Amino acid sequence: MAPKRPREDGGAGGGEGKGKGKGKGKHEPKPKPQHNPKEEHAHPRKRFYRARAHSNPLNDASFDVPTRPEDFDWGDHFPELHQEWTERRAAAATAAAAGEQEQAAAAGAGPSSEEEPPLVRFVDIGCGFGGLLVKLATIYPDTLMMGMEIRDKVSEYVRERIAALRRETPGSYKNCSVLRTNAMKYLPNYFRKGQLTKMFFLFPDPHFKTANHRRRIINTHLITEYAHLLAPGGWLYTISDVPELGEWMKAKLDSHPLFERVSEEELEADPAANLLDKSSEEGLKVARSGGSTYRNVYRRLEKPRQLPASVAPAPAGLKATIPTD
């Protein structure tokens, strides 16, 4: 049997140019992919970061927690701001060494070499996918704020979201970040007494079962801790779409001597209060379904107030009227 002859280029049945007179070795150049600048700022997609709606805060999950607030390095969360602070301190130290510190301070050239690093002032407890956090960052660009989330996938999403926003709009969103931790246990490990000016609790887990009420993020013990961390005059914001939980949080805060309710007139003038029901994923779901929300906002008092008789602790031998945890 005769061997087959090799097929010639451009022959019948060969080459990709069949019928068009093109040889096999002649290829049209492939078009170069177009550069899409949006790809550099691609935002994470929620469907890849889904997790259970709630988590048990009393579980002994492993977290890397500082012993005290001074031991935590916030530079990893706010690199630009801490770099600016480092440069200001270095410049002040140089001026001091040259004997020019007093003149520089008088001229308003900058702070002394003893200036403290910028501190977090707002904290969003259980920040979810970071909706409130990124809105607050643009309204209060000079205030450092931190979202705290116990779920690892969700906190990773917020981290990627903030990184994308920073790349997309250089100079913006440098004042917000997220931290995965258990806020019910470790807030005093991160924040000093009186450091915070706003605390947010948006649509917390209702923990419906009576046996699980101790897991609620608003309870008498924790409110005392929040009062320790909030500066006098600071605000504590809560909102829920669960009527029973809304009443629970209101009763707990009403019965605490270091908090007083903020009037509706003040809330209308407060930008943050107007974001509570329209910034988070849960809030948007409630709005789409036409549900109701229960907003309760309180101010941290400088001195304890006299509680009304209806909420004051009862004398010995009588049943207390303060709701129990």
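The values are calculated or read from the model by the stated rules, or taken from the named source; none is laboratory data. Small disclaimer: the values here were computed from a predicted structure and weren't measured. Reconstructed Cβ throughout: ideal geometry from the backbone, glycine too, with neighbour counts over all protein chains shown. Only protein heavy atoms, including side chains, enter the accessible area calculation; ligands, DNA and RNA are left aside. Shrake-Rupley method; radii C 1.70, N 1.55, O 1.52, S 1.80 Å.
Out of everything in the range 136-150 that is over 10 Å from the mean Cα position of the chain (by Cα) and not hydroxyl-bearing (Ser, Thr, Tyr), what residue ends up being most open to solvent (accessible area, probe 1.4 Å)?
Going through the qualifying residues, I end up with 142.
Which one of these is open to solvent by 10 Å² or more (accessible area, probe 1.4 Å), hydrophobic (A, V, I, L, M, F, W, C) and at pLDDT 95 or above: 179, 187, 133?
Details: 187 fails: open to solvent by 10 Å² or more (accessible area, probe 1.4 Å); 133 fails: open to solvent by 10 Å² or more (accessible area, probe 1.4 Å).
Of 179, 187, 133, the one residue that is open to solvent by 10 Å² or more (accessible area, probe 1.4 Å), hydrophobic (A, V, I, L, M, F, W, C) and at pLDDT 95 or above is 179.
Looking at 135, 174, which one is closer than 19 Å to residue 272 by Cα and part of a helix (DSSP H, G or I)?
135
Collect the residues in the range 190-239 that are surrounded by fewer than 20 Cβ atoms within 10 Å (Cβ to Cβ), among the basic types (Lys, Arg) and within 19 Å of residue 258 (Cα to Cα), keeping them in residue-number order.
192, 193
Cβ-Cβ below 6 Å, separation at least six or inter-chain, first residue in the range 235-246 and at positive phi and of a type in the set (S, T, N, Q), second open to solvent by 30 Å² or more (accessible area, probe 1.4 Å) and modelled with pLDDT of 95 or more: which pairs?
Within 6 Å, no pair qualifies.
Any chance the range 262-282 includes a residue that's open to solvent by 40 Å² or more (accessible area, probe 1.4 Å), more than 26 Å from residue 186 (Cα to Cα), without any contact (Cβ under 8 Å) to a residue 40 or more places away in the chain and among the small types (Gly, Ala, Ser)?
Taking every residue of the range 262-282 in turn, at least one turns out to be open to solvent by 40 Å² or more (accessible area, probe 1.4 Å), more than 26 Å from residue 186 (Cα to Cα), without any contact (Cβ under 8 Å) to a residue 40 or more places away in the chain and among the small types (Gly, Ala, Ser).
Give the range 54-85 a look and list any residue that's modelled with pLDDT under 85, within 18 Å of residue 178 (Cα to Cα) and loosely packed, with under 13 Cβ neighbours inside 10 Å, or say none.
62 - this is the single residue of the range 54-85 that is modelled with pLDDT under 85, within 18 Å of residue 178 (Cα to Cα) and loosely packed, with under 13 Cβ neighbours inside 10 Å.
In the range 284-309, how many are surrounded by 13 or more Cβ atoms within 10 Å (Cβ to Cβ) and in contact with a strand residue (DSSP E or B) (Cβ under 7 Å, 6 or more places away or on another chain)?
Of the residues in that region, 9 qualify.
Which condition from (1) assigned to a loop (DSSP other than H, G, I, E, B); (2) polar (S, T, N, Q); (3) without any contact (Cβ under 8 Å) to a residue 60 or more places away in the chain is the one that residue 224 breaks?
In the conditions (1) assigned to a loop (DSSP other than H, G, I, E, B); (2) polar (S, T, N, Q); (3) without any contact (Cβ under 8 Å) to a residue 60 or more places away in the chain, residue 224 misses (1) alone.
Taking the range 151-176 as the region of interest, how many residues are among the hydroxyl-bearing types (Ser, Thr, Tyr) and surrounded by 21 or more Cβ atoms within 10 Å (Cβ to Cβ)?
Residues flagged as among the hydroxyl-bearing types (Ser, Thr, Tyr) and surrounded by 21 or more Cβ atoms within 10 Å (Cβ to Cβ) within the range 151-176 amount to 3.
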